[in-house]
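Since the structure comes first, as structure tokens, the remarks are kept for the end.
The values are calculated or read from the model by the stated rules, or taken from the named source; none is laboratory data. Everything numeric in this text was worked out from a predicted model, so none of it was measured. Every residue, glycine as well, gets a Cβ built from its backbone with ideal geometry; the counts of neighbours run over all protein chains shown. Heavy atoms of the whole protein, side chains included, go into the accessibility calculation; ligands, DNA and RNA do not. Shrake-Rupley method; radii C 1.70, N 1.55, O 1.52, S 1.80 Å.
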Amino acid sequence: MVPDMAKRNTMNLLLAGAVGMPATIGLGIYAGFFVPPKVGGAGGAVAAKDALGNIVKKEKFLANKRDLDRELVEGLKGDAFWVIAKEENGVKDVEYYAINATCTHLGCVVPWNKAETKYKCPCHGSQYDKTGKVVRGPAPLSLALAHVEIDSSDNILLKPWSETDFRTGTEPWWK
């Protein structure tokens, strides 16, 4: 006995739904791996994180720091940033800006040379002053900046810098 056409169409639709729905969900999940994670909103602040991925607290950051001491943290877009401690009239605080540690020549991470009070790229010798302004090439541009803010939970936050670069008086190239 051969089922009539209405039953065959119903069975075909059930089969297509039973196979198609899980396949579509699976493809959606697979495609999701190719979409980068969002880190902060448009113009939103991102909590600075230490090497272990813990959020950096202002009080803990300043505990053993002196004037102009720096610490490398993970910040905007997952880039490394230098957060700077400052001390004025015996009061410790965090500088209002952080400096991106990525060299503008070829992207090496630029360490702070405390003895010379400048950033020196180990790859090709570019040098930047204490504010991240390029003083010796081959790097063509100064290091990018980010605003530093402290939230109500004492977390250090990094926020995109969109104003004029105070070091050069020009628009920020990293916008």
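Table for the structure above
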| read-out | value |
| --- | --- |
| Per-region count, segment 117-128, residues touching a residue at least 24 places away in the same chain (Cβ under 8 Å), open to solvent by 10 Å² or more (accessible area, probe 1.4 Å) and in contact with a strand residue (DSSP E or B) (Cβ under 8 Å, 6 or more places away or on another chain) | 0 |
| Filtered residue count, segment 129-161, keeping only those that are surrounded by 12 or more Cβ atoms within 10 Å (Cβ to Cβ), of a type outside the set (A, V, I, L, M, F, W, C) and within 16 Å of Asn100 (Cβ to Cβ) | 9 |
| Residue within segment 32-46 that is farther than 30 Å from Lys120 by Cβ and of a type in the set (Lys, Arg) present | yes |
| Selection count where residues are at pLDDT 80 or above and closer than 25 Å to Trp174 by Cβ, scope segment 25-44 | 1 |
| Condition met for Pro172 (over 16 Å from Ala80 (Cβ atoms), assigned to a loop (DSSP other than H, G, I, E, B) and open to solvent by less than 60 Å² (accessible area, probe 1.4 Å)) | yes |
| Residue match in segment 55-71 (condition: at pLDDT 90 or above, of a type in the set (Val, Ile, Thr) and either more than 30 Å from Asp129 (Cβ to Cβ) or open to solvent by less than 40 Å² (accessible area, probe 1.4 Å) (or both)) | no |
